[in-house]
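The values are calculated or read from the model by the stated rules, or taken from the named source; none is laboratory data. All of these numbers come straight from a predicted model, not from anything done at the bench. Backbone-built Cβ (ideal geometry, glycine too); neighbour counts: all protein chains shown.
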Amino acid sequence: MSLKSDLARVRGLGSAKDGTHHFWHQRLTAIALIPLSLWFISALLCMINGTYFEAISWIAQPHVTTLLVAFSAALFYHVKLGLQTVVEDYIHTEWLKLASVVVLNLGVALCGLVSIVAILKISFTMS
């Protein structure tokens, strides 16, 4: 005897235990973003009167490149998790929910990829 509804059995849904995984990933990215955001904001404030070439040479430093890539990856993954939760909670039409999650995942992945490639391009061009 199964406790799943007929629709859940057909769709393969049920107690996937995916909620806590999603919850913990969102909390861990939030915790990682605290020091990364503080570092990023303080670095930007220190460079507020800097020139373009100073900014480029700053980004090209290996430790700065590493921190910027980590910041971008954590930020875009955190955005994906948060927006996915909003879509799943507030869009009730199944096909629209699925389409929104797919578009959201592709959009965030594209933005994250573009930002990381830009950081790496600056870093490798200057070194």
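Please count how many residues of the stretch 33-54 are within 24 Å of the chain's Cα centre (by Cα) and either farther than 17 Å from I119 by Cα or not aromatic (F, W, Y) (or both).
Filtering the stretch 33-54 for residues within 24 Å of the chain's Cα centre (by Cα) gives 33-45.
Still in the list and also either farther than 17 Å from I119 by Cα or not aromatic (F, W, Y) (or both): 33-38, 41-45.
Of the residues in the stretch 33-54, 11 are within 24 Å of the chain's Cα centre (by Cα) and either farther than 17 Å from I119 by Cα or not aromatic (F, W, Y) (or both).
Is it the case that the stretch 69-81 has a residue that's at pLDDT 95 or above and among the β-branched types (V, I, T)? Reasoning before the result, please.
Let us first name the residues in the stretch 69-81 that are at pLDDT 95 or above, namely 69-81.
If we keep only those that are among the β-branched types (V, I, T) too, we end up with 69, 79.
Yes.
From A73, A43, grab the single residue that is closer than 19 Å to H22 by Cα and either touching a Lys or Arg at 6+ places or on another chain (Cβ under 7 Å) or part of a helix (DSSP H, G or I) (or both).
Values: A43 fails: closer than 19 Å to H22 by Cα.
Matching residue, one of A73, A43: A73.
Tell me, please, whether a residue that is loosely packed, with under 10 Cβ neighbours inside 10 Å, of a type in the set (A, V, I, L, M) and modelled with pLDDT under 95 can be found in the stretch 10-21. Can you show your working first?
Filtering the stretch 10-21 down to residues loosely packed, with under 10 Cβ neighbours inside 10 Å leaves 10, 12, 15-18, 20.
Right, trim to of a type in the set (A, V, I, L, M) and you get 10, 16.
Then drop every residue that is not modelled with pLDDT under 95, which leaves 10, 16.
Scanning the stretch 10-21, I find at least one residue that is loosely packed, with under 10 Cβ neighbours inside 10 Å, of a type in the set (A, V, I, L, M) and modelled with pLDDT under 95, so the answer is yes.
Which is within 18 Å of H22 (Cβ to Cβ) and either within 20 Å of the chain's Cα centre (by Cα) or not small (G, A, S) (or both), of V117, V108? Break it down stepwise before answering.
Values: V117 fails: within 18 Å of H22 (Cβ to Cβ).
Going through V117, V108 in turn, just one is within 18 Å of H22 (Cβ to Cβ) and either within 20 Å of the chain's Cα centre (by Cα) or not small (G, A, S) (or both): V108.
Run down L106, L113, L96 and say which single residue is assigned to a helix (DSSP H, G or I), of a type outside the set (K, R) and surrounded by 12 or more Cβ atoms within 10 Å (Cβ to Cβ).
Working: L106 fails: surrounded by 12 or more Cβ atoms within 10 Å (Cβ to Cβ); L96 fails: surrounded by 12 or more Cβ atoms within 10 Å (Cβ to Cβ).
Just a single option satisfies the conditions, and that option is L113.
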